[in-house]
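Quick notes on the structure that follows.
The values are calculated or read from the model by the stated rules, or taken from the named source; none is laboratory data. The structure presented is a predicted model; accordingly, all values stated were derived computationally and were not measured. Quick reminder, even Gly has a Cβ in these numbers, built from the backbone with ideal geometry, and neighbours come from all protein chains shown.
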Amino acid sequence: MNILGIESTAHTFGVGIITDQGKVLANVKDSYTSKDAGMILDEVSAHHKMVAEDILTQALKTAKLNWDHVDVISYSAGPGLDPCLWVGYHFAKDLAEKYHKKLVGVNHCVAHLSIGKVYNKLKDPCYLYVSGVNTQIIVFEEGKYRIIGETLDIGLGNLLDKFGRTIGLGFPAGQVIEKLAKKGNYVELPYTVKGMDMSFSGILTKCQQLYERKEANQEDLCFSIQETCFAMLAEVVERAMAHTGKQELLLVGGVGANTRFCEMLDLMCKERGAIFHKVPMDLAGDQGAMIAWEGFLRKDSYGDVEVIPHWRTDEV
């Protein structure tokens, strides 16, 4: 069985094709970018509509398949940006009706967890999901996903992108911040961990103030924001693993592409006798392959659910 997945929750439009054994046959995407702003919803939606057909054609060509060999079409139903979600939904629905395929709407966050789990062949890990909007520590218990820690305000990815715009790095800013951080020195920033949760908005405000007052340069702020935020998450995740007894940690989401972040989590796991896992770059950020795999897992229980912009992980 082959499943085609369509991703459109935020700035990325992607189409992935995966087998029922978890083999990725194609994973093609195109992302909206901006030199001096973040995501302008009208522009992002227009971007998705413009690239959709081409991305689909590339995916089918890469997978060397035609529609006779596609059994299910899945799409990101949420959570995400409402206008972007509807672009993906209508595109998927039109394809399902045209080619008479089953349509399955899936949870974008859980798709990140599922693709990481099958890629690493894990049984019962502790999940750390860090993307633009989402920063969550998750475990699977009694048939449901349970969030045992999360951001109280903005996600870490959003923090990095907003900070990047403040210092003129454009959008998205994560890769540029990681590069500049290698040349920086530490500047003290707020370290805000509250039990199993964390807060990032104060860090953003402090960085903006330091930069505007010329009290710290780009490199030092990039280094400090990484070291502080990553340490906060490493602390909370270690506590989560201690409480739940999990011996495997899986990092998913776009921020998981950061090398320094992975180094810190790997060191933490080694010190407690646990094993750290991540996903490759092409599966770390938003993409269609994870939507396809989650569609396979949910094909018998989910269907056309339209769009659910605020669909939380712990509602799955």
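For the range 275-296, the set of residues classified as aliphatic (A, V, I, L, M), buried (at least 21 other Cβ atoms within 10 Å of the Cβ) and touching a helix residue (DSSP H, G or I) at 6+ places or on another chain (Cβ under 6 Å) consists of 279, 283, 284, 290, 291, listed by residue number. Residue 216 falls short on exactly one of the conditions (1) outside any loop (DSSP other than H, G, I, E, B); (2) aliphatic (A, V, I, L, M); (3) outside the structural domain of residue 19 (by TED's automatic domain parsing), and that condition is (1).
Of the residues making up the range 63-77, those that are part of a helix (DSSP H, G or I), farther than 25 Å from residue 110 by Cβ and of a type outside the set (Asp, Glu) are 67, 69. In the range 229-252, the residues that are outside the structural domain of residue 159 (by TED's automatic domain parsing) never reach a residue that is not acidic (Asp, Glu) with C-beta atoms less than 8 angstrom apart, at least six apart or across chains. Among the residues making up the range 119-148, a single one is surrounded by fewer than 20 Cβ atoms within 10 Å (Cβ to Cβ), under 18 Å from residue 286 (Cα atoms) and hydrophobic (A, V, I, L, M, F, W, C): 133.
Matching residues to (1) more than 20 Å from residue 8 (Cα to Cα); (2) of a type in the set (Gly, Ala, Ser); (3) not in a helix (DSSP H, G or I):
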position	(1), (2), (3)
224	yes, yes, no
229	yes, no, no
233	yes, no, no
262	yes, no, no
301	yes, yes, yes
305	no, no, yes
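Here the range 142-188 is the region considered, the condition is being more than 20 Å from residue 227 (Cα to Cα) and in contact (Cβ under 8 Å) with a residue 40 or more places away in the chain, and the residue that is farthest from the chain's Cα centre (by Cα) is 168. Listed by position, the helices (runs of 4 or more DSSP H) inside the range 78-179 whose residues that are under 23 Å from residue 15 (Cα atoms) and of a type in the set (A, V, I, L, M) number at least 3 are 82-99, 108-120. Only residues that are over 23 Å from residue 77 (Cβ atoms) and under 16 Å from the mean Cα position of the chain (by Cα) were counted across the range 256-281, and they come to 9.
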